[in-house]
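Worksheet: one structure, shown below.
Read-outs: derived from the displayed coordinates by stated rules, not from any lab. From a predicted model like this one, the values you see are computed outputs, not experimental measurements. Cβ: placed from backbone, ideal geometry, glycine included. Neighbour counts: every protein chain shown.
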Amino acid sequence: MSKIVKKMNYSINYLWTKEMFGENIIEKSDNYSRSITKKINDFNVSIIFYDNYIIEHIIENDNGKVLYYLHFEFSNFINTVSIVEDLLDFAYENNKEVKKALFCCTSGITSSLFASKMQEYLNNKKVNILMDACDIGSLNKKSEDYDLVVLTPQIHYKEKSLKEEISTKIIKIPTKDYASNNYQNVLSLLEKH
């Protein structure tokens, strides 16, 4: 590739990347480089274009910890597009807000076992939902730290009175899914709420 064509493609790649990042970007430049940074939830996502055709991709969390780093020499537009798409996929996939669900039963024993197995299932599926469990007696105090309270079949009958006592959204897990450990159906239920 001639120097002129490479320089044009490099400039086009910068403009394309800027377009991909969308609104609310921060652009900086100095004598050796230009950069684009965008805040995506808790991540700072940056791409730096150096004048020597080196491109750096960096994702940092709010504490400044580098979670993703790649540098490469610009060779062609198509290859670079694919790498930028991978960067953005990583940023969005790994930066989802964690939903917290609290399973509740009479004593907390069966709900703890179910929540533990459900958490294992979610981790294997790479789903950002945090599971926990409690007994009915500690629900009022614990529920305020969660996005969702999931009542097990043993206490379905308490749904109406609990809705008057706590502000956290309450749903009931279907008996057949709870008794058969049908985690996929429970996940579908959680994702609806």
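Put a plus charge on the Cβ of each Lys and Arg, a minus charge on the Cβ of each Asp and Glu, and nothing anywhere else: the dipole of region 99-192 about its Cα centre is then about 220 debye. Ranked by how many other Cβ atoms sit within 10 Å of their own Cβ, fewest first, the residues VAL66, VAL186 fall in the order VAL66, VAL186. Counting only Cβ charges, +1 for Lys and Arg and -1 for Asp and Glu, the dipole size of the chain around its Cα centre is about 380 debye. Ordered by the count of other Cβ atoms within 10 Å of each Cβ, fewest first, LYS99, LYS117 give LYS117, LYS99. Suppose every K and R has +1 on its Cβ and every D and E has -1 on its Cβ; what is the size of the dipole of region 3-93 about the Cα centre, in Debye to the nearest 20? Around 420 debye, computed over region 3-93. Mean sequence separation of contacting Cα pairs (under 8 Å, at least six apart), scaled by the length of the chain, corresponds to a relative contact order of 13 percent. Seen against the Cα atoms of the chain and their longest principal axis, helix 109-125 is set at about 20 degrees.
Candidates PHE49, GLY64, LEU87 compared by Cα position along the dipole of region 3-93: farthest toward the positive end lies PHE49, with charges placed on Cβ. Taking the Cα centre of region 91-159 as the origin and placing charges on Cβ (Lys, Arg +1; Asp, Glu -1), which of CYS134, TYR121, TYR157 is farthest toward the positive end of the dipole? Checking the options against the dipole of region 91-159, the answer is TYR121.
Between the listed residues THR17, ASN31, THR106, the Cα displaced farthest toward the positive end of the dipole of the chain, a dipole computed from Cβ unit charges relative to the Cα centre, is found at THR106. Once each of the GluC sites (Glu not before Pro) sitting in a DSSP loop with at most 11 other beta-carbon atoms within 10 Å is removed, the chain keeps 98-193 as its longest stretch.
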